[in-house]
1. Any of Lys37/Lys98; Lys98/Lys146; Lys95/Lys146 with alpha carbons more than 26 Å apart? Name them for me.
2. Could you check the simple spin-label distance between Asp93 and Gln18, using points 7 Å along Cα→Cβ, in nm with one decimal?
3. Out of all DSSP beta bridges in the chain, what portion is antiparallel? Express it as a percent rounded to 5.
4. Kindly provide the chymotrypsin sites (Phe, Trp or Tyr not before Pro) of the stretch 26-59 that DSSP labels as loop, not H, G, I, E or B, and whose Cβ sees at most 11 other Cβ atoms within 10 Å.
5. Note down the magnitude of the dipole of the stretch 11-149 about its Cα centre, charges +1 on Lys and Arg C-beta and -1 on Asp and Glu C-beta and zero elsewhere, to the nearest 20 debye.
6. Just rank Cys48, Cys43, fewest to most, by other beta-carbon atoms within 10 angstrom.
7. What does the extension gain come out to for Phe10 and Gln80, with contour length at 0.36 nm per residue minus their alpha carbon separation?
8. Tell me which of Ser24, Ser13, Ile125 sits at the most positive position along the dipole axis of the chain, charges placed on C-beta atoms (Lys, Arg +1; Asp, Glu -1).
Amino acid sequence: MKIGEKCPNFQLSDQNGQIISSNSFFGKRTVVYFYPKDNTPGCTTEACAFRDSYKDFMEYDCQVIGISSDSEEKHFNFSQKHDLPFTLLADPDGKVRKMFNVPTSLFGLLPGRVTYIFDETSTLIGVFNSQLNPLGHVQEALKMVKAMEKK
């Protein structure tokens with residue numbers, strides 16, 4: 001995805017089995033982060049960093065959505081284990097990952113770790129792509145969300 005594009009239309013199940021539509025993002029700032037797999041070291045670090053900064057995102061009326069190919073049940077267990085206050089969406093066939101054009105890493109062996117930041121009109125205002133810097137995703141997303149306040 002390129003800056004200025006609208007969030008693709010999709011529907012996925014969350015960790016509680018509820019269908020979430022990207023149309024519900026409209027009117028609210030939204031961080032969508034794609035990550036490789038629940039309960040792996042980097043992904044757990046990233047999710048817990050989003051958890052620890054969640055109140056900061058909420059102060060800017062910004063929701064956080066995590067997406068991986070893990071099942072609803074795995075997301076539920078991951079969310080419970082780490083007390084995650086935000087939504088995790090199951091994308092088992094990678095269709096939404098493809099809509100966002102999330103690149104792979106390690107010669108195509110590992111799903112990419114990319115964070116997308118959308119404004120209230122569901123327009124993409126920022127992207128952060130780093131497989132090896134899970135904490136950077138939270139820092140960069142929060143910086144971009146805070147910058148929206150200054151406009």
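1. Numbers: Lys37/Lys98 16 Å; Lys98/Lys146 28 Å; Lys95/Lys146 30 Å.
From Lys37/Lys98; Lys98/Lys146; Lys95/Lys146, over 26 Å: Lys98/Lys146; Lys95/Lys146.
2. 2.5 nm
3. Working: 18 of 28 bridges.
Bridges in the chain that DSSP calls antiparallel: roughly 65 percent.
4. In loop regions of the stretch 26-59 (DSSP not H, G, I, E or B), there are no sparsely surrounded chymotrypsin sites (Phe, Trp or Tyr not before Pro).
5. On the way: 13 positive and 17 negative charges, 60 e Å.
It comes to approximately 280 debye.
6. Cys48, Cys43
7. Full-extension gain reported as 22.7 nm.
8. The Cα lying farthest towards the positive end belongs to Ile125.
The numbers here are math on the coordinates, done by the rules we state, and not lab data. For clarity, every value in this text was computed on a predicted model and none was experimentally measured. Glycine also receives a Cβ, built like all others from the backbone with ideal geometry; neighbour counts cover every protein chain displayed.
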